[in-house]
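S.K.: Pasting a structure below so you can have a look.
Read-outs: derived from the displayed coordinates by stated rules, not from any lab. Small disclaimer: the values here were computed from a predicted structure and weren't measured. Don't worry about glycine lacking a Cβ; one is built from the backbone with ideal geometry, like all the others, and counts go over all protein chains shown.
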Amino acid sequence: MGWAGILPQISFDAQTSWSETEYEVANGNVEQRQQNRSYGVQLVQPLFRWQNWIEYQQGSLHKALAELRTRTTVQTLIMQVARAYFEVLHAQDVIEAILQLRVSDYEQLVSARKNFELGSTTIVDVHEAQMSYDSTNAQLIKARSDLGIARHALSRITGRPAQELGTLRERINLLSPEPIDIETWVNAAERSSLEVQIQELTADIAKNEVRSRKAEHLPSIDVILSQNMQQNPNANTRQSESAAIGLRLSMPLYSGGRLSASAREAVALHQQAEYKLLDARRSSALATREAWAGVTDGVAQIEALKVARVSAQSAVDSNLLGYKAGMRASADVLKVQSQLSEIIRQLAKARYDVLLAQLQLKAVVGVLEEHDLAEISTLLQ
């Protein structure tokens, strides 16, 4: 499209007409009827049209802008696939944790009923155990519903059933970003984020648009070549041909203020694009800090949750022993079992969040590619 204003323009014209002429002579009137045909070819080659040259440059910028938007779409799709995939895995982990909790609650319910029959505990323990077991069943129903929705969400993106998916291995190394300096990542995002690059190109396009509007005030020079042929141009000529070559100078003098108004509008749009570029840099910096914190803090959180899981398991074991010895109440056992289940869910979620944060960190600096998903696939079993 950009070449259109620089390359020559060739046009062909054809016209036919019928004429009737009446002559008055000494012997009376004479009528003459004839058909006239004319054909013409004209070539216009711009020599100086500054506005057209700017529009040619705009074509390259628009092409680069389209490529960046395509890359942005690819990055967005990668993040959507990863997020939807991990939502399914997390829903499966939640169901597994609830099933384990239900088994523990059921065992506690059986124990409470047995102890009540033996007279070593009260009916309160039975009711508390029954309440916890029923609550766990309700959680299980909700978790299974969430899993179905998560699978449908993933299938909508991939177009494939999301039934048997690889799960994340238990022992994987989730490392902090390299380099560890957050400012290095922030500077990279402010410089090479796809959104920043898009806004930079948008600002350049707006700047060229200002130049284009101002160029409308400049003169234009064209070379014009024409070839014409006429049949029966007049009564005494059967055919005539002509050829011409020349220069045409055109310069706008006054257009009712339209050119000046469009130039002012272009300047305002350029300023708007510059403000959007500044906002894109700030937004990219903020997104980078959030993703970087998601990775570093997430890794620390995972280690803390691993320790908490061990402690919670020890608490469950201790309370079970205390309950059997008559030193702990059933409510204490149910409470620590529920806490252990919640820690297991948080740990599973934290691992997925760190992986997503790693992908998001690459996305905000503009380097997220399909092979990054392939690397995550190696962590699945």
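S.K.: Show me the trypsin sites (Lys or Arg not before Pro) within the stretch 93-202 that DSSP assigns to loop and that have at most 16 other Cβ atoms within 10 Å of their Cβ.
M.R.: Listed in order of number, the matching sites are ARG169, ARG171.
S.K.: Taking 37 °C and 0.692 mPa s as the conditions, I'd like the Stokes-Einstein D for the stretch 23-148 in µm²/s, using the Kirkwood hydrodynamic radius from alpha carbon pairs.
M.R.: 138 µm²/s
S.K.: While we're here: Starting with the fewest neighbours, write out ASP146, ASP13, ASP93 ranked by other beta-carbon atoms found within 10 Å of each beta-carbon.
M.R.: ASP13, ASP146, ASP93
S.K.: So if a site counts as exposed when it's one of the GluC sites (Glu not before Pro), its DSSP state isn't H, G, I, E or B, and it has at most 10 other Cβ atoms within 10 Å, what's the longest stretch of the chain without one?
M.R.: 171-381
S.K.: Which helices, counted as full DSSP H runs in the chain, have an axial Cα extent of no less than 20 Å and a Kyte-Doolittle average of -0.5 or above?
M.R.: Helices meeting the span and hydropathy rule in the chain are 50-118, 123-158, 258-324, 330-364.
S.K.: Quick one: order TYR323, TYR352, TYR275 by neighbouring beta-carbon count within 10 Å, fewest to most.
M.R.: Sorted ascending by nearby Cβ count, the order is TYR275, TYR352, TYR323.
S.K.: Using Cβ contacts closer than 10 Å as the measure, can you line up TRP292, TRP50, TRP18, TRP185 from fewest to most?
M.R.: Ordered by Cβ neighbours within 10 Å, fewest first: TRP18, TRP50, TRP185, TRP292.
S.K.: About the Cα centre of the chain, what is the dipole size in debye to 20, counting +1 per Lys and Arg Cβ and -1 per Asp and Glu Cβ, all else neutral?
M.R.: So the magnitude is around 160 debye.
S.K.: Lysine pairs in the chain 8 or more apart or on different chains: how many have alpha carbons under 17 angstrom apart?
M.R.: Value for the chain: 5.
S.K.: Mind checking the alpha-carbon convex hull of the stretch 162-264 and giving the volume per residue in Å³?
M.R.: 383 Å³
S.K.: So what does the Cα-only Debye profile of the chain read at q = 0.07, 0.09, 0.13, 0.15 Å⁻¹, as log10 I(q)/I(0), no solvent term?
M.R.: -0.62, -0.80, -1.11, -1.26
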